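The values are calculated or read from the model by the stated rules, or taken from the named source; none is laboratory data. Everything numeric in this text was worked out from a predicted model, so none of it was measured. When we count neighbours, we look across all protein chains shown, and the Cβ atoms used for this are built from the backbone with ideal geometry, even at glycine.
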Amino acid sequence: MTEIVFWQSMISPHQAGLVQALAARPGLEVTYIATEAVRRSRAAMGWVEPSLGGAQLKLAETGAEIAALAQSFAPDAIHLCQGFRGNGTISHALPALARKGARIGVMMEAIDQRGKTGWLKKPLYKRQVKHYGDAVSFCLAISEEAERFIAECGFRADRIYPFSYFLRQAPETAETRKPTRQIVYVGRLIALKRVDLLIEAFGALNQPGTTLKIIGSGPLEGELQALARTQPNATAIEWLGTVTNEDAQQAIANSDCLILSSEYDGWGAVVTEALLAGTPAICSSACGAKVAVSNSGAGGVFASGDRVSLERLLGLQVNDAPWGGPQRAKMRTWAQNALSAEAGAGYLEAIIASLGHNLAPPAAPWIMPYGAEIPQKIKTFVTG
């Protein structure tokens, strides 16, 4: 029996599907440790405590509780920590596990180095890698940028594995759909997400019969709604506010395209949700999910901050033939093999199996282009 322990600051809906799928695989015992179930700020966005399936949940609110839990696991357990530094109280897990000599993996997104103090982050991570690098067996790097960053900080390249957010299968498109073409954005209304860029690009497009649904809330809501009112197609922009995750997923499944226009996103789990629903996605070049979008067979990646580039991709998507049932079904199959919770569970198990055995590392499943024959090795990620 292989024991896998997740150490996270909260129960993340972006990890819950993977945890469920791992717990359902034979020979695996999974524990999820968090300092809180759902953070208040996330609850205000409509997040609810996700199910972890057969995994055991333990909440630890203090560093002392975390240190005690670290000592309670068997020496051969695999521990997956949330990053090398920061992340509040859960950051006590890494030093406690290192002192114990446990088998440690670190899961991390790309580090946002924008802003006046962004240049300080690389030296801080270099110090952490120098201190804990020998104790950490492997790093699950969520995005190409994360891979490059942690390697530049001194972590051994042969211990870095590309990773993603693997989610449960999304709902299918509703049987009856409106005759209009529908574009959707799901996320917070903050400067980082560049919803202003999306509104301006949609306004410049001004395509009759096309609507833009904006799902989410945030401090820029009033400002963005004012910007929307200046667009020639202002009445085609719908504001849905905060909705449940299930309703957001259904809106994505019923749309012709999802847009993620962020000037920085470590991955962009909403892109994975779209692809699993068979809905094409357009994202900026500053989103970690861009490699999955590029291999998905539709949508595209625009230059971050470039409205003209985004407008061009929007135009191509809207003016192309409708993304119909067979195309959606094929994309859903591709995404199921590339980005589903089951695919992620098989991929992670293959990574763990390769550690210390001189085995070739498994290929990341989402590097398989849409429409390509699924190699047997990738099939095993899903079937086990």
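In segment 364-381, which residues are modelled with pLDDT under 90 and either of a type in the set (Gly, Ala, Ser) or in a loop (DSSP other than H, G, I, E, B) (or both)?
MET368, PRO369, TYR370, GLY371, ALA372, GLU373, ILE374, PRO375
Pull out all pairs, ordered by first then second residue, where Cβ-Cβ is under 6 Å, the residues are six or more apart or on different chains, the first lies in segment 317-335 and is of a type in the set (D, E, K, R), and the second is modelled with pLDDT of 75 or more and surrounded by 18 or more Cβ atoms within 10 Å (Cβ to Cβ).
The qualifying pairs are ARG328/GLY278; ARG332/GLY278.
Hey, can you tell me all the residues within segment 145-171 that are out of contact with any helix residue (DSSP H, G or I) (no Cβ under 6 Å at 6 or more places or on another chain) and assigned to a helix (DSSP H, G or I)?
Once the filter is applied, which keeps residues that are out of contact with any helix residue (DSSP H, G or I) (no Cβ under 6 Å at 6 or more places or on another chain) and assigned to a helix (DSSP H, G or I), segment 145-171 yields GLU145, ALA146, GLU147, ARG148, PHE149, ILE150, GLU152, ASP158, ARG159.
Taking ILE150, is it farther than 22 Å from LEU275 by Cα, among the aliphatic types (A, V, I, L, M) and under 23 Å from the mean Cα position of the chain (by Cα)?
Judged against the criteria, ILE150 is a match.
This table checks each residue for (1) in a loop (DSSP other than H, G, I, E, B); (2) hydroxyl-bearing (Ser, Thr, Tyr); (3) over 22 Å from ALA303 (Cβ atoms).
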| site | (1), (2), (3) |
| --- | --- |
| VAL184 | no, no, no |
| LEU192 | no, no, no |
| GLN207 | yes, no, no |
| GLY218 | yes, no, yes |
| GLY222 | no, no, yes |
| THR235 | no, yes, yes |
| LEU240 | no, no, yes |
| GLU246 | no, no, yes |
| LEU258 | no, no, no |
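Mind checking which residues of segment 55-78 are of a type in the set (Asp, Glu) and free of Cβ contacts under 8 Å to residues at least 40 places away in the same chain?
Across segment 55-78, the qualifying residues are GLU61, GLU65.
For ASN337, all conditions in the list (1) modelled with pLDDT of 90 or more; (2) within 21 Å of VAL30 (Cα to Cα); (3) polar (S, T, N, Q) hold save one; what is the number of the exception?
Just one mismatch for ASN337, condition (2).
Consider LYS122 carefully, then state whether it is closer than 20 Å to CYS139 by Cα and more than 20 Å from the chain's Cα centre (by Cα).
Answer is yes for this residue.
Here are GLY305, GLY297: which of them is in a loop (DSSP other than H, G, I, E, B) and either touching a Leu at 6+ places or on another chain (Cβ under 6 Å) or at pLDDT 95 or above (or both)?
GLY305
Counting just the residues of segment 95-123 that are of a type in the set (Gly, Ala, Ser) and modelled with pLDDT under 90, which one comes out surrounded by the most Cβ atoms within 10 Å (Cβ to Cβ)?
Selected residue: ALA110.
In the list ALA274, ALA303, which residue meets the criterion of being buried (at least 19 other Cβ atoms within 10 Å of the Cβ) and not assigned by TED's automatic domain parsing to the domain that holds GLY83?
ALA274
Just one of ILE66, ILE78 is in the same structural domain as MET107 (by TED's automatic domain parsing), farther than 17 Å from MET10 by Cα and crowded, with 17+ Cβ neighbours inside 10 Å; which is it?
Sole residue among the options that is in the same structural domain as MET107 (by TED's automatic domain parsing), farther than 17 Å from MET10 by Cα and crowded, with 17+ Cβ neighbours inside 10 Å: ILE78.
Condition first: touching a residue at least 60 places away in the same chain (Cβ under 8 Å) and of a type in the set (A, V, I, L, M). Now tell me which residues in segment 98-140 satisfy that.
Once the filter is applied, which keeps residues that are touching a residue at least 60 places away in the same chain (Cβ under 8 Å) and of a type in the set (A, V, I, L, M), segment 98-140 yields ALA110, LEU140.
Counting residues that are under 30 Å from SER217 (Cβ atoms), which helices (runs of 4 or more DSSP H) fully inside segment 1-105 reach at least 3?
Once the helices (runs of 4 or more DSSP H) in segment 1-105 are filtered for at least 3 residues that are under 30 Å from SER217 (Cβ atoms), what remains is 13-24, 40-43.
Against the condition more than 22 Å from GLN249 (Cβ to Cβ) and either assigned to a helix (DSSP H, G or I) or modelled with pLDDT of 95 or more (or both), how does LEU275 come out, does it pass?
When the stated conditions are applied, LEU275 does not pass them.
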